[in-house]
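Asks: Okay, handing you the structure first.
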Amino acid sequence: MSRQRAMRDTEYNPLVYFIDGLVTLFNGMVVTWRNLWRPKITVRYPYQRRPVPPRYRGLFYLKWNEEKQRLNCVGCTLCAQACPTDVISMVKLGKGTHAGVSEFTMDLGRCMFCNLCVEACPFDAIYMGPNYELASERRDVSLFRIADLAQGGEEAVRKNIETIERLLAEEEKAKPAHAAHAAGGQSE
Amino acid sequence: MVINVGPQHPSTHGVLRLILTLDGEQILACEPVIGYLHRGLEKMMERRPYRHNIPFTDRLDYLAALSNNLAICQCIERLGGVEVPERAQYIRVLLMELQRIASHLVFLGTFGTDLGATTMFLYAFREREMVLDLLEECTGARLTYNWVRVGGVPDDLPEGFGQKVLDFVKLFRQRIEEYDMLLTRNRIFRSRTQGIGVIPKETALAYGCSGPVARASGIPYDIRKVAPYEVYNRVEFDVPVFEDGDVWARYLVRMEELRQSLRIIEQVLRDMPDGPVQTKLPKIFKPPAGIAYSRVESPRGELSFMMVSDGGANPVRVHIRAPSFVNLSVLPRLLEGAKVADLVAILGSIDVVLGEIDR
Amino acid sequence: MIEAITQFFTQHPLLWAFVKAVVLASFTLVIPLAVIYVERKIAGFIQSRLGPLHVGPQGTFQTAADALKLLLKEDIVPEGADKRFFYLAPYIAFVSTVLCFMVLPFAPGWVALEMNVAVLFIIGVSLFNVVSILMAGWSSNNKYSLLGGLRAVAQLLSYEIPMVLSVLAVVFYTGSLSLTGIIEYQVKHGWNIWHPPIMIAALIYFICALAEINRTPFDLPEAESELVSGFNTEYSGMRFAFFFASEFANNFFITAFAAALFFGGWDGPVLPPIVWTFLKVFVMIFVFMWLRWTPPRLRIDQILRFAWQLLVPVSLANLLFAIALGVR
Ligand code: SF4
Ligand code: SF4
């Protein structure tokens, strides 16, 4: 550790202080003069916007899986459990391999944008996007429903439910056959 | 004459209220009133699982959120005996030093405005904005980062981050020279700060001051040196210590720390090994019963967390030693006999953050 | 046509006086708008910002819009204020500035009132400013205002003395108490600033001028980080606007006065005299603003110490020097 004495000044002497004052003031003015000509840093929001880095933690979205025609979320509530402030609640749709969510609500008025829920999700279903303009004059708009969160909005939610219901129905149909098959196998 | 400074006053840096008894321009007595920002954080933490508490620490010292994240994570790691991979330790040190620069720049800017040099505020914030951009790119947030996890950091540094930091370091070296020209060497600035608000060494010790405040009073006490955590024992840096204990010395300590932080950043970027950044932990983390205590050198001083575990999922007791709170306690003593105009200089030089004081 | 008008006014001197008064008063109201706009732009540029942008091209109408807003605002008078003084203070400040402009020559013949003791008049009238600040600080019934007011009075009075002494140096040097006379002397003998005793006088004058118009590093009376807003803390709306306007008009005036005393007033080649006056004034205003955004502010005891220990003795010695070297 370095131990040093602060640069100290001599005893007060009006004239010395005055001249020193003028000189150092001039030095300072040189700095401000230089800055007068530097490019300005103002970003004229909302006319201009800064680019948002990819990791930015803004408004959430539920990832849409184009291949499977559904949202990735399976309604496992791990994110809800990871959240320190109980922001997330959901309604699960179906169970087993084809489970999904029919409703997914986030009360962002309580959210800290801490990223814990995103890290907790094992299915790559929830992410934080680049949208940071969430301010509002009303309180109730802080409640985000599934249609506000899903990638693709209403349309995606409808398709999501459709797909999952179809898959569930198929599974349901396949079940007795499978059971019969199994039974048949046993009897042989 | 009794005047009431704050909680809404341009230079009390938050919601601090000071009741001053004046005789003309002379301050006879000062009584700080705190608690306007009290949220009961310690109690809140006792009701939640360990790892849920990390984001709350962002709201303590909101100018140096990462230091708080680190402090609580270290405490939990000690409690649970969690190892941190080497690369994660380097990343932590890198982020801590960037955070220190950002925090000291806020000090520099607000201190300048307090003394009337408004331009300094804009310059310091301009550079702070660059640091925030860097941190934003890495962590995804600008103020409440929450980017330290028990057992490491959540993610690796983004692509090309090191180069950007080095560019910043290079630019910032020049900018520090400019600050020196504009403010440090200025005659008026020196007359306003030298010999004002002197904290003698004994007082600093008696009140338990830490951080720049203690180091300006001649106490060579820096947690990074006396109890190195992460990889601070592998990097080379000096801890500036001044004997005088006045506002000027506290200012110089912080200016010197800016330079030292740049040095640390360069070394860390040079030495950083490859490897994983996080240790896998069980879903439900239940450390064995016991007490853990961790301390880090936040930009404001010694920040410590104490946690008591009974083997369950939640801590049963959390205590936070907030450096600002301890440093603020010398204020009434410093202000006795000072001038009203010195009030802002002295308060600014202690550099308190109210979020941390009121918890 | 012009002759007819001139004749009309020579026949009705009162009316002519009225016209001049109206023109001067509106000038005093309009000048601050320009000065404030320039100030904000320069402050912005120095601080890496852009300054006002949105009202009018490059934000030129911003200050006008602000003034309008101030005029439309509710007029709040604090409870327990000394009403009479509270009402009066801003107008006294404003009137003292208008009166100063009255004797200021902008170009040969362009002066509202040709006065052979103009310099003395200005010194006397500008002291009203101090009175108005004290009134405002005292009557507001606010402790911050009072502190600001007291600081302001201590500061302004201390700096008035070296300022007057340095102005007197010019007076003795040129042998004239009339501003027109001083400028005409400079037209003949070259600008005063090039003469050694006046050089020192000019330096002292500039320092005092900074203190007189409450600019950094002497902006204690309104040190917002300590005293919220100083003596005008409790003022709002129109009354505040008057304080604000008079402060910036004063800023303009004090540089115009300096131009007349040290830089030959309207004297200059090629361009018409009025342009030269304004050019000099604006260059000086720019320097003032540049200065304002550089250093921190001093403390009240340091300010007073500086004035009494250095400026007063030096300006006294300089006055003797000027008398010794003076023409007559
Ligand atoms: S970001 Fe944090 S607070 Fe917000 S929902 Fe996710 S876990 Fe909860
Ligand atoms: S978002 Fe992820 S963690 Fe949350 S319920 Fe859906 S799948 Fe589970």
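Asks: How many residues are touching a Phe, Trp or Tyr at 6+ places or on another chain (Cβ under 9 Å) and open to solvent by less than 10 Å² (accessible area, probe 1.4 Å) if we restrict to the stretch C:148-169?
Replies: 11
Asks: Within the stretch B:184-211, work out how many residues are over 22 Å from the mean Cα position of the chain (by Cα) and open to solvent by less than 40 Å² (accessible area, probe 1.4 Å).
Replies: 9
Asks: Now for a different question. Residues of the stretch A:79-91 being more than 14 Å from the chain's Cα centre (by Cα), within 14 Å of chain B (Cβ to nearest Cβ) and more than 10 Å from ligand 2 (Cβ to nearest atom), which ones?
Replies: Keep residues of the stretch A:79-91 that are more than 14 Å from the chain's Cα centre (by Cα), which gives A:80-82, A:84-86, A:89-91.
Checking which are within 14 Å of chain B (Cβ to nearest Cβ) leaves us with A:80-82, A:84-86.
Result: A:84, A:85, A:86.
Asks: Same structure again: Taking the stated definitions as given, is residue A:54 touching a Pro at 6+ places or on another chain (Cβ under 9 Å), at negative phi and either open to solvent by 60 Å² or more (accessible area, probe 1.4 Å) or more than 10 Å from ligand 2 (Cβ to nearest atom) (or both)?
Replies: When the stated conditions are applied, residue A:54 passes them.
Asks: Another question, if that's okay. Is there a residue in the stretch A:76-88 that is surrounded by 17 or more Cβ atoms within 10 Å (Cβ to Cβ), within 11 Å of ligand 1 (Cβ to nearest atom), assigned by TED's automatic domain parsing to the domain that holds residue A:151 and assigned to a strand (DSSP E or B)?
Replies: Yes, because at least one residue in the stretch A:76-88 is surrounded by 17 or more Cβ atoms within 10 Å (Cβ to Cβ), within 11 Å of ligand 1 (Cβ to nearest atom), assigned by TED's automatic domain parsing to the domain that holds residue A:151 and assigned to a strand (DSSP E or B).
Asks: Also, I was wondering about something else. For the stretch A:125-148, give me each residue that is touching a residue at least 24 places away in the same chain (Cβ under 8 Å) and either open to solvent by less than 70 Å² (accessible area, probe 1.4 Å) or within 11 Å of ligand 2 (Cβ to nearest atom) (or both). Steps first, answer last, please.
Replies: Step one: list which residues in the stretch A:125-148 are touching a residue at least 24 places away in the same chain (Cβ under 8 Å), which gives A:125-132, A:134, A:139, A:142-146.
A:125, A:126, A:127, A:128, A:129, A:131, A:134, A:142, A:144, A:146 - these are the residues of the stretch A:125-148 that are touching a residue at least 24 places away in the same chain (Cβ under 8 Å) and either open to solvent by less than 70 Å² (accessible area, probe 1.4 Å) or within 11 Å of ligand 2 (Cβ to nearest atom) (or both).
Asks: From the set of residues in the stretch A:61-71 that are in a loop (DSSP other than H, G, I, E, B) and more than 16 Å from ligand 1 (Cβ to nearest atom), which is surrounded by the fewest Cβ atoms within 10 Å (Cβ to Cβ)?
Replies: Out of the qualifying residues, it is A:67.
Asks: Suppose the filter is away from ligand 1 (no atom under 16 Å from the Cβ), open to solvent by less than 50 Å² (accessible area, probe 1.4 Å) and either outside the structural domain of residue A:87 (by TED's automatic domain parsing) or of a type in the set (Phe, Trp, Tyr) (or both); does residue A:32 pass it? Please lay out each step first, then the result.
Replies: Values: away from ligand 1 (no atom under 16 Å from the Cβ): yes; open to solvent by less than 50 Å² (accessible area, probe 1.4 Å): yes; either outside the structural domain of residue A:87 (by TED's automatic domain parsing) or of a type in the set (Phe, Trp, Tyr) (or both): yes.
Considered against the rule, which asks whether it is away from ligand 1 (no atom under 16 Å from the Cβ), open to solvent by less than 50 Å² (accessible area, probe 1.4 Å) and either outside the structural domain of residue A:87 (by TED's automatic domain parsing) or of a type in the set (Phe, Trp, Tyr) (or both), residue A:32 comes out as yes.
Asks: Right, next: From C:192, C:214, C:232, grab the single residue that is buried (at least 22 other Cβ atoms within 10 Å of the Cβ), at pLDDT below 80 and within 14 Å of chain B (Cβ to nearest Cβ).
Replies: Result: C:214 is the single residue among C:192, C:214, C:232 that is buried (at least 22 other Cβ atoms within 10 Å of the Cβ), at pLDDT below 80 and within 14 Å of chain B (Cβ to nearest Cβ).
Asks: Does the stretch B:109-126 include one or more residues that are of a type in the set (Asp, Glu) and in contact with a Gly (Cβ under 9 Å, 6 or more places away or on another chain)?
Replies: For the stretch B:109-126, residues of a type in the set (Asp, Glu) and in contact with a Gly (Cβ under 9 Å, 6 or more places away or on another chain): present.
Asks: Kindly indicate whether any position in the stretch B:150-161 is away from every other protein chain (no Cβ under 11 Å) and more than 30 Å from residue B:59 (Cβ to Cβ).
Replies: Yes, the stretch B:150-161 contains a residue that is away from every other protein chain (no Cβ under 11 Å) and more than 30 Å from residue B:59 (Cβ to Cβ).
Residue by residue, here is whether (1) of a type in the set (Val, Ile, Thr); (2) within 14 Å of chain C (Cβ to nearest Cβ); (3) closer than 13 Å to residue B:196 by Cα; (4) assigned to a strand (DSSP E or B) holds:
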residue: B:315; (1), (2), (3), (4): no, no, no, no
residue: B:319; (1), (2), (3), (4): no, no, no, yes
residue: B:325; (1), (2), (3), (4): no, no, no, no
residue: B:334; (1), (2), (3), (4): no, no, yes, no
residue: B:343; (1), (2), (3), (4): no, yes, yes, no
residue: B:352; (1), (2), (3), (4): yes, no, no, no
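Asks: Check residue C:295 against each of (1) part of a loop (DSSP other than H, G, I, E, B); (2) within 30 Å of residue C:92 (Cβ to Cβ) and name the one condition it does not meet.
Replies: It is condition (2) that residue C:295 fails.
Asks: Looking at the stretch B:341-359, which of its residues are modelled with pLDDT under 80 and over 16 Å from residue B:117 (Cα atoms)?
Replies: B:359 - this is the single residue of the stretch B:341-359 that is modelled with pLDDT under 80 and over 16 Å from residue B:117 (Cα atoms).
Asks: Given the structure, is residue A:43 outside the structural domain of residue A:165 (by TED's automatic domain parsing) and either exposed (fewer than 13 other Cβ atoms within 10 Å of the Cβ) or at pLDDT below 80 (or both)?
Replies: On the way: outside the structural domain of residue A:165 (by TED's automatic domain parsing): yes; either exposed (fewer than 13 other Cβ atoms within 10 Å of the Cβ) or at pLDDT below 80 (or both): yes.
Considered against the rule, which asks whether it is outside the structural domain of residue A:165 (by TED's automatic domain parsing) and either exposed (fewer than 13 other Cβ atoms within 10 Å of the Cβ) or at pLDDT below 80 (or both), residue A:43 comes out as yes.
Asks: Can I ask one more? For the stretch B:216-256, name all the residues that are assigned to a helix (DSSP H, G or I) and out of contact with any helix residue (DSSP H, G or I) (no Cβ under 8 Å at 6 or more places or on another chain).
Replies: Scanning the stretch B:216-256 gives B:223, B:224, B:225, B:226, B:256.
Asks: If we keep just the residues of the stretch A:92-124 that are open to solvent by less than 20 Å² (accessible area, probe 1.4 Å) and more than 12 Å from ligand 1 (Cβ to nearest atom), which is farthest from the chain's Cα centre (by Cα)?
Replies: A:99
Asks: Would you be able to tell me the number of residues in the stretch A:125-154 that are within 15 Å of ligand 1 (Cβ to nearest atom), more than 14 Å from chain B (Cβ to nearest Cβ) and in a loop (DSSP other than H, G, I, E, B)?
Replies: Final tally of qualifying residues: 2.
Asks: Of the residues in the stretch B:44-98, how many are closer than 14 Å to residue B:298 by Cα and of a type in the set (Val, Ile, Thr)?
Replies: Of the residues in that region, 3 qualify.
Asks: State the number of residues belonging to the stretch C:300-328 that are touching a residue at least 12 places away in the same chain (Cβ under 8 Å) and either within 14 Å of another protein chain (Cβ to nearest Cβ) or assigned to a helix (DSSP H, G or I) (or both).
Replies: 16
The values are calculated or read from the model by the stated rules, or taken from the named source; none is laboratory data. All values derive from a computational prediction rather than experimental measurement. Note that we place each Cβ from the backbone using ideal geometry, even for glycine, and neighbour counts take in every protein chain shown. Accessible surface is based on the protein model in full, side chains and every heavy atom, while ligands, DNA and RNA are left aside. Shrake-Rupley method; radii C 1.70, N 1.55, O 1.52, S 1.80 Å.
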